[in-house]
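To start, the structure under review is shown below, and the notes come after it.
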Amino acid sequence: MKNIFKVMTTTAIAMSLLSVSGCGQSQSSASPSPTKETQKTEQKSNLQDSKYVAEHYLSYIYDGKTAQIEEITGADSSEFKKEQKEFFYDRAGSVTPIEYPLIIEYDGFSEVYTPDKIKDEYATSMVNYFEQIDDYKIIDTEESQDGVELTIEVKGLAMNALANQANSYLDSLIGFDENLALSKYPSDTTQKANAVLQFWAMGELFQQGNKAPLLNDSITYTMYLEKNNQGNYEATEDTMSDVYAGSKLDSYEDGK
């Protein structure tokens, strides 16, 4: 999707220590393996590192990773994925409500898409489109008593270009009848309801393996983490919105 690099890679490496015969060194002098208590202390100190926590949170959004997700977000991996889908599901049709079904017919295909299915497929596609972002980094942190504000640099989603992909897909459907597709919508809302077709098309494109158009140039945004009474950093209820809203540019028209 361009020249891309991963800023964050988490790899667990297991190493075993082998005793060497004839060294004259007893087993008792060998370095002890980390105890559970030691690992717990290390984990605690990591969660008090704002950059460490932010990098992990960004990896959940951009890479679909799950390390320490419950400690950082308060949700396990399946709950967090559900929250991600709900984020886009609830915002689909915020301008033009998706209240009626679409009747999709084109060459050899006919199906009625309910509002729930349209929003569900759109939400799934958007979660996955954001996971295609892999050029990002933390460039600044500003600590306070209650938390930290971090500045992120990212080559995010080009939303206009994604909408153009959806429009091109609709134009490519042989025999597609837009009037029929929107026939369930009241006549005075038909023009605005064209946006509903875009939501549908974005979901369809993702299922066909579409890659999201990303920005050529980086943009920046800020995200906030709060500090709890143990001194650990955690995501807030606004952190997901900070990241998703900051990782896209609506007015960008090229971005390929």
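The values are calculated or read from the model by the stated rules, or taken from the named source; none is laboratory data. None of these values were measured; they are calculated from a predicted model. Reconstructed Cβ throughout: ideal geometry from the backbone, glycine too, with neighbour counts over all protein chains shown. Protein only, heavy atoms only, side chains kept; ligands, DNA and RNA dropped before computing areas. Shrake-Rupley method; radii C 1.70, N 1.55, O 1.52, S 1.80 Å.
What's the number of the condition Ala161 fails, among (1) small (Gly, Ala, Ser); (2) open to solvent by 50 Å² or more (accessible area, probe 1.4 Å); (3) in contact with an Asp or Glu (Cβ under 9 Å, 6 or more places away or on another chain); (4) assigned to a helix (DSSP H, G or I)?
(2)
So which of Glu204, Glu226, Glu153 is charged (D, E, K, R) and closer than 18 Å to Tyr106 by Cβ?
Only one candidate qualifies: Glu204.
Can we say Thr114 is under 27 Å from Lys81 (Cα atoms) and over 21 Å from the mean Cα position of the chain (by Cα)?
yes
I want to confirm something. Restricting to the stretch 53-69 and keeping residues that are of a type in the set (Phe, Trp, Tyr) and touching a residue at least 40 places away in the same chain (Cβ under 8 Å), which single residue is nearest to Asn232 (Cα to Cα)?
Of everything passing the filter in the stretch 53-69, Tyr57 is nearest to Asn232 (Cα to Cα).
Residues of the stretch 140-158 being open to solvent by less than 70 Å² (accessible area, probe 1.4 Å), more than 27 Å from Pro213 (Cβ to Cβ) and part of a strand (DSSP E or B), which ones?
The answer is Thr141, Gly147, Val148.
Test of understanding: among Lys184, Lys192, which residue is part of a loop (DSSP other than H, G, I, E, B), touching a Ser or Thr at 6+ places or on another chain (Cβ under 7 Å) and of a type in the set (D, E, K, R)?
Going through Lys184, Lys192 in turn, the sole match is Lys192.
Among all residue pairs at least 6 apart or on different chains, which show Cβ distances below 8 Å where the first residue, located in the stretch 164-181, is of a type in the set (Phe, Trp, Tyr) and the second is open to solvent by 60 Å² or more (accessible area, probe 1.4 Å)?
Hits for this filter: Phe176/Glu105.
Taking Ile103 and the conditions (1) part of a helix (DSSP H, G or I); (2) at pLDDT 95 or above; (3) in contact with a helix residue (DSSP H, G or I) (Cβ under 6 Å, 6 or more places away or on another chain), which numbered condition does it fall short on, given that it satisfies the others?
(1)
Return the residue satisfying two criteria in turn: it lies in the stretch 79-109 and is more than 14 Å from the chain's Cα centre (by Cα) and hydroxyl-bearing (Ser, Thr, Tyr), and of such residues it is least open to solvent (accessible area, probe 1.4 Å).
My answer is Thr96.
Residue by residue through the stretch 68-78, note down the ones that are closer than 18 Å to Met223 by Cβ and open to solvent by 30 Å² or more (accessible area, probe 1.4 Å).
Gln68, Glu71, Thr73, Gly74
To keep it simple, each residue is scored yes or no on (1) modelled with pLDDT of 95 or more; (2) open to solvent by 80 Å² or more (accessible area, probe 1.4 Å); (3) assigned to a loop (DSSP other than H, G, I, E, B).
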site: Ser168; (1), (2), (3): yes, no, no
site: Phe176; (1), (2), (3): yes, no, yes
site: Asp188; (1), (2), (3): no, yes, no
site: Ala201; (1), (2), (3): yes, no, no
site: Met223; (1), (2), (3): yes, no, no
site: Glu237; (1), (2), (3): no, yes, yes
site: Val243; (1), (2), (3): yes, no, no
site: Ser251; (1), (2), (3): no, yes, yes
site: Lys256; (1), (2), (3): no, yes, yes
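Going by what's in this entry, would Met8 be described as modelled with pLDDT under 55 and open to solvent by less than 60 Å² (accessible area, probe 1.4 Å)?
For Met8, the condition - modelled with pLDDT under 55 and open to solvent by less than 60 Å² (accessible area, probe 1.4 Å) - is met.
Taking the stretch 95-143 as the region of interest, how many residues are aliphatic (A, V, I, L, M) and within 30 Å of Ser50 (Cβ to Cβ)?
6
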